[in-house]
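Let me begin by presenting the structure, written as structure tokens, before commenting on it.
Any read-out appearing in this document is the output of simple, stated calculations on the displayed coordinates, not a laboratory observation. Being a predicted model, the structure only gives us computed values, none of them experimental. Glycine gets a Cβ as well: all are built from the backbone with ideal geometry, and neighbour counts include every protein chain shown.
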Amino acid sequence: MIAYMPTIYPDELVYSWFCRYYVHSGCFSHKMALQELYCKKSDYLNKEFIGNLNHGAIEQIEKIYPMDELVVDHTMYPQYARFIPLEQKKDALYRLGHEPCDVHHLFCVLPRNEGEQYLRFCPMCTREDRERYGEAYWHRKHQIRNVSICTKHKCRLKESTVPAKSEQSYTFFPAESYIGNSETVIESDPLVIQFSEYLGSVFDAPMDFENDVPISSILYDGMSRTKYLKPSGRSRYTKMFADDMSEFYRSIGMCNVASMHQIQRALLRDYYDFSVICQIAFFLGMRAEELINPSLTVEQIQQEQNSHYMKEVVTVDWETMDMEMAPILEKLAKGVYDGTGNENGRPERVSERLVYREMGLLGHQLENMPRCKAIMERYTESYPESWARKIVWAYRKLKEEGEPFHWTDIRKISGVKKKNMQSVIPYLGKHADVETVDRIVKWLNVC
Ligand SMILES: [Zn+2]
């Protein structure tokens, strides 16, 4: 039973709000606070969204704030869902507030790069919050991918020590305790400021739940006013565009510049990453308003659709694509394999299907990319071996938690079916020490 919920602050992350709830409610342990809010021990929680709340918590929270409002105004939804197709956008809104869901199934959440690993804060906002509210909190706008400054104060954001991604064991890190006093560095590059303000204003704009204008059409329209699209509208110079754009963003010190492949996909309408699309639009000189409130006619949308049949001036350059994709694939595969990239932290088998889906590749494209293919081969394993790894992982996780547990807990957390249990035995030795293997085998033999 939730005793008392503090008021949520403007632009505060729900995660931050729950951290403050934990501090103010008098819950003496994380476990207690977690039980009041969430469903079960194994529920993962995501700092950018809300997580799988229990019914009681939803009911009580809805008395104060409707779930939809919380999702739109207090999670990173306006970033990840901004450019996805309308139906998908509505579906994501509902599911984020009402159903247990893995956000990776709702939209694309790219792996985190350098500079995006920890929750960030603005030293000046912190000072103001402390004066005004008596405490600091985690702001959403400081967490937008690829934005390096606070758009309100034009000063550089600082990284805290609190990991931004979801973790295996969830912890409340209230901003007040994790943000110290730090010096303010004002950003001097006008382009960095302009770019950050651009992303900030797109992020802040109300979400459109009525019109379904494909983002690829909007970008096509923007591109048609530049040298990157032939006046006939029938061929585009994607390679030149990608090169110029990359040079531009590197010159302002941005590290996560959209790749040629990401640009191609965004232009061909199956890619909706916020940062990639904003990078393209900003570089094309499009006004933020064009992204937020597009005023395209049906004919203009149709024209863009027809353009999908046009010939690219450059055909796919497999060598470059392979080089570009290999590090991304390596990161994805590793995260899936050891679980660090998965929402619940559980290791998974790296299947081709998953890789094709997550990387947005078309059938058999991996065949043309030897570096990527080699990575895939390195991660290939049989089902029984992947089950063995899951069981070892679940065993270690439960052991770490330090409470007594039963064999069925391992089964539940690992997700391995009972009938498959025996087949894992030959693989245990490869992934655990002798003592752990002994323990697990003993268990397997009695269950
Ligand atoms: Zn600020």
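Here the simple spin-label model places points 7 Å from the Cα toward Cβ, and for Asn293 and Lys399 these points are separated by 6.1 nm.
Taken along the Cα-to-beta-carbon direction at a fixed 7 Å, the label points for Leu362 and Ser182 span 4.4 nm.
Over all pairs of different C-alpha atoms in the stretch 271-411, the reciprocal of the mean inverse distance, the Kirkwood hydrodynamic radius, equals 19.0 Å. In summary, the lysines within cross-link reach of Lys418, defined as a Cα separation below 17 angstrom excluding same-chain residues under 8 places away, comprise Lys390, Lys442.
Ordering Met67, Met421 by the number of other Cβ atoms within 10 Å of each residue's own Cβ, fewest first, gives Met67, Met421. With N residues in the stretch 1-112, what two-decimal value do you get for its Cα radius of gyration over 2.2 N^0.38 Å? Rg over 2.2 N^0.38 Å, computed on Cα atoms: 1.05.
Each of Arg378, Arg156, Arg145 has some number of other Cβ atoms within 10 Å of its Cβ, and from fewest to most they run Arg378, Arg156, Arg145. Taking other C-beta atoms within 10 angstrom as a stand-in for reagent exposure, Trp443, Trp138, Trp393 fall in the order Trp443, Trp393, Trp138, fewest first. Taking each residue as 0.36 nm, the span from Tyr4 to Lys63 lengthens on full extension beyond its C-alpha to C-alpha distance by 20.0 nm. Membrane-span-like helices in the chain, defined purely by DSSP H runs whose alpha carbon atoms cover 24 Å or more axially and whose average Kyte-Doolittle hydropathy reaches -1.0, are 318-338.
Most fluctuating residue of Gly115, Gly341, Gly200 in a GNM of the chain with Cα springs under 10 Å: which is it? In the Gaussian network model the winner is Gly115. Remark: spin-label model distance Met32-Asp243 equals 6.4 nm, labels positioned 7 Å along the Cα→Cβ axis. Set the Cα radius of gyration of the stretch 28-93 against 2.2 N^0.38 Å, with N its number of residues, and you get 1.24.
Computed from backbone phi with θ = phi - 60° and the Karplus coefficients 6.51, -1.76 and 1.60, the 3J(HN,Hα) list for the stretch 176-189 is 4, 8, 10, 10, x, 7, 9, 6, 9, 10, 7, 6, 9, 7 Hz; x is used for glycine and proline.
Over the chain, DSSP H runs of length four or greater, each weighted -39,500 (n - 2.57), average out per residue to a 222 nm ellipticity of -15000 deg cm²/dmol. Taking every Cα-Cα distance in the stretch 318-379 and sorting them into 10 Å bins starting at zero, the pair-distance distribution P(r) comes out as 23, 57, 18, 1 percent. The base-10 log of I(q)/I(0) for the stretch 383-446, evaluated at q = 0.16 Å⁻¹, reads -0.43 [Debye formula, identical scatterers on Cα atoms, solvent excluded]. Calculated over the chain, the projected area of the Cα convex hull averaged across directions stands at 23.6 nm². Mind scanning Lys89/Lys227; Lys31/Lys334; Lys40/Lys397; Lys334/Lys417 and naming the pairs with a C-alpha gap bigger than 26 Å? Pairs exceeding 26 Å: Lys89/Lys227; Lys31/Lys334.
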